[in-house]
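For reference, the structure is listed below as structure tokens.
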Amino acid sequence: MERKEVEEKIYNIVSEIIGTPKDELTLKTTFIHDLCADSLTIVDIVSKCEDVFQINISDEQAENMKSIGDAVDYICSRLVGSKKK
Amino acid sequence: MIGKRRVVITGLGAVTSLGVEVEEIWKNLLAQKSGISNITRFDASAYSAQIAGEIKNFDPSCSISKKDIYRLDLFSQYALCAADKAIQDTQFSLEKEDLTRFGVILGCGMGGMNEIEAQSDVMKQKGPKRVSAFSVPRLMINAISAEISIKYGLLGPNFITASACSSSAQAIGQALRSIQYNEADVVVTGGAEAVITPLSIAGFCSARALSQRNQEPQRASRPFDKERDGFVMGEGSAILVLEEWERAKARGAKIYAEIKGFGSTADAYHITQPSPEGQGAIRAIELALKDAQVSKEDVHYINAHGTSTLQNDKIETYAIKKVFQDQAYHIPVSSTKSMLGHLLGAAGAIEALVTTMSIFKQQIHSTANYENPDPECDLDYVAKNAREIKLGCALSNSFGFGGHNVCLVFCDIEKK
């Protein structure tokens, strides 16, 4: 999956769950500070990402994803990793 | 001992299949319009009952942010929209109020059925890890009272009553007590329900509770008519804001009516059948009249539970006759369910709202589809047309699966 496609899918997930229009989201948008996401919202976003990208994301890894860009980076790295296997 | 404080209704809001503004709903009921049609929410072709009072084109965004819509089951969306309208109707400036004196007491029969069914599908198809983190807060029955208190910062008593089809009448009764006995000055009360779902409709079909008049949706809910064959599922929310009378007067509030009495009993008989002699219903009505200190002669209208099931309508009629004797034949009785269907846990709330409007407007709506007299249902069911009447006090009856009986008494505020 191309990075652009991963970005697009994550924007869709975040927009669906938080209700923020996609065009107001950027890679720099942070979940807690910018989107006021609570713990349930973050868990739901992570779960949707796991489902869409067919990967497991541990709670520790999820903790490190502060922004949409962090999520894109992490998921791309996992997808590249799984391709290599 | 200080006596009970008087309680009045100063705000109304509703979301129903006949509209989302109280005046619009009221006009539609007077015009005998039906909110019942074929089920579109899911493919009901395999069901014995394929009709319901669905709310079409509901737009929650007028009252709820996009973020919150995602977090809420449909029944909570209905409740929040109705509460928003009711609170606006009171013209409170909430920022100036002591919100520790504001409670929220609502009724609901079944809770977040849409969410239960959706997440059950997710779990079966994708496994337990894919079940949404929001599943529990969406489906829990107390979501509605919690969400309203969170949205408006209301800090007083806050809970849900669940007694099937009398749930929200029970809630209104508890809200009345809460103000009468000085636990709160204002209570947002009523109820919500949204169970036009595959599993829920299937369950009621299996219990043989629903009308199968699928070819004539608008003629299917026919309370007290000899050809009745079950109830029609409805959905929605109705919210009433109850306020201590002196306080409402002092701020010059619009007062719709006074709520004066509450009676609550159990049949202790059967989990779905009403007791054949209607003792539970009779005692509920008598207790409510005694609580209200209203004489039988002052009752000018009864908004019936009137489900359109064989048993309910027969036994409710019997109970009314037992309480009122010969006078029963002179009291008009009508059923809101004939047009909206049965809102289950929210039925008591919409019917309390309708009873309140009847007093405020001095008008009563008819029972739609009452055409064929049943010898066992021989009261004045307000056939054909709405009426203008002089209305001092009115009753609203609610009876639920499990044998939970509630009667509420509403009066014109001028009546001392």
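The values are calculated or read from the model by the stated rules, or taken from the named source; none is laboratory data. Computed from a prediction, not measured in an experiment: that's the story for all the values here. Don't worry about glycine lacking a Cβ; one is built from the backbone with ideal geometry, like all the others, and counts go over all protein chains shown. Please note that ligands, DNA and RNA were not included when accessible areas were found on the heavy atoms of the full protein model with its side chains. Shrake-Rupley method; radii C 1.70, N 1.55, O 1.52, S 1.80 Å.
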Under 8 Å between Cβ atoms, which residue pairs at least 6 apart in sequence (or on different chains) link something in region A:44-55 that is in contact (Cβ under 8 Å) with a residue 12 or more places away in the chain and assigned to a helix (DSSP H, G or I) with a partner that is of a type in the set (Lys, Arg) and open to solvent by 10 Å² or more (accessible area, probe 1.4 Å)? A:VAL52/A:LYS9; A:PHE53/A:LYS9; A:PHE53/A:ARG78
When you scan region B:79-97, do you find a residue that is open to solvent by less than 40 Å² (accessible area, probe 1.4 Å) and within 19 Å of B:THR197 (Cα to Cα), even just one? yes
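Name the single residue, out of those in region B:126-137 being in a helix (DSSP H, G or I) and open to solvent by 20 Å² or more (accessible area, probe 1.4 Å), that is farthest from B:LEU80 (Cα to Cα).
So the first thing to find is which residues in region B:126-137 are in a helix (DSSP H, G or I), and the list is B:126, B:128-130, B:135-137.
If we keep only those that are open to solvent by 20 Å² or more (accessible area, probe 1.4 Å) as well, we get B:126, B:128-130, B:136-137.
Details: B:LYS126: 31, B:PRO128: 30, B:LYS129: 30, B:ARG130: 28, B:VAL136: 18, B:PRO137: 15 Å.
Top of the filtered list is B:LYS126.
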Tell me which residues, restricted to region B:178-217, are under 22 Å from the mean Cα position of the chain (by Cα) and of a type in the set (Asp, Glu). B:GLU193
Checking A:THR41 against (1) facing chain B (nearest Cβ under 9 Å); (2) surrounded by fewer than 17 Cβ atoms within 10 Å (Cβ to Cβ); (3) among the polar types (S, T, N, Q): exactly one of these is not met. Which one? (2)
Only one of these is of a type outside the set (Phe, Trp, Tyr) and under 16 Å from the mean Cα position of the chain (by Cα): B:VAL20, B:VAL7. Name it. B:VAL20
Every residue in region B:112-143 that is within 14 Å of chain A (Cβ to nearest Cβ) and of a type in the set (D, E, K, R), please. B:GLU115, B:ASP121, B:LYS126, B:LYS129, B:ARG130, B:ARG138
Taking region B:17-60 and the residues there that are in a strand (DSSP E or B) and in contact (Cβ under 8 Å) with a residue 60 or more places away in the chain, the one that is farthest from the other protein chains (Cβ to nearest Cβ) would be B:ILE51
Filtering region B:61-85 down to residues that are more than 14 Å from chain A (Cβ to nearest Cβ), modelled with pLDDT of 95 or more and assigned to a helix (DSSP H, G or I) yields B:LEU74, B:PHE75, B:SER76, B:TYR78, B:ALA79, B:LEU80, B:CYS81, B:ALA82, B:ALA83, B:ASP84, B:LYS85
Search result, residues across region B:223-248 that are within 24 Å of B:ALA207 (Cα to Cα) and either modelled with pLDDT under 95 or of a type in the set (A, V, I, L, M, F, W, C) (or both): B:PHE224, B:PHE231, B:VAL232, B:MET233
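Yes/no matrix, rows are residues, columns are (1) at pLDDT below 95; (2) more than 12 Å from chain B (Cβ to nearest Cβ):
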{"residue": "A:SER15", "(1), (2)": "no, no"}
{"residue": "A:ILE75", "(1), (2)": "no, yes"}
{"residue": "A:LEU79", "(1), (2)": "yes, yes"}
{"residue": "A:SER82", "(1), (2)": "yes, yes"}
Could you grab me the full set of residues in region A:26-38 that are within 12 Å of chain B (Cβ to nearest Cβ) and aliphatic (A, V, I, L, M)? A:LEU35, A:ALA37
Filter region B:401-416 down to the residues that are open to solvent by less than 10 Å² (accessible area, probe 1.4 Å) and out of contact with any Gly (no Cβ under 7 Å at 6 or more places or on another chain) and list them by number. B:PHE410
Inspect region B:152-174 for any residue being free of Cβ contacts under 8 Å to residues at least 40 places away in the same chain, assigned to a helix (DSSP H, G or I) and among the hydrophobic types (A, V, I, L, M, F, W, C) and give the result as yes or no. no
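Out of everything in region B:180-198 that is among the polar types (S, T, N, Q) and part of a loop (DSSP other than H, G, I, E, B), what residue ends up being surrounded by the most Cβ atoms within 10 Å (Cβ to Cβ)?
The residue in question is B:THR197.
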Test B:GLU147 against the stated conditions and say whether it is within 15 Å of B:LEU74 (Cα to Cα) and either open to solvent by less than 10 Å² (accessible area, probe 1.4 Å) or of a type outside the set (Gly, Ala, Ser) (or both). yes
Is it true that some residue in region B:92-105 is small (Gly, Ala, Ser), under 30 Å from B:SER338 (Cβ atoms) and in contact (Cβ under 8 Å) with a residue 24 or more places away in the chain? no
For region B:89-144, how many residues meet the condition of being within 20 Å of B:TYR70 (Cβ to Cβ) and under 19 Å from the mean Cα position of the chain (by Cα)? 7
Filter pass, B:LYS4 being open to solvent by 40 Å² or more (accessible area, probe 1.4 Å) and within 14 Å of chain A (Cβ to nearest Cβ): no
Looking at A:MET65, A:MET1 in this structure, which one is away from every other protein chain (no Cβ under 14 Å) and in contact with a Phe, Trp or Tyr (Cβ under 7 Å, 6 or more places away or on another chain)? A:MET65
Being buried (at least 17 other Cβ atoms within 10 Å of the Cβ) and within 18 Å of B:LYS129 (Cβ to Cβ), is that true of even one residue in region A:19-38? no
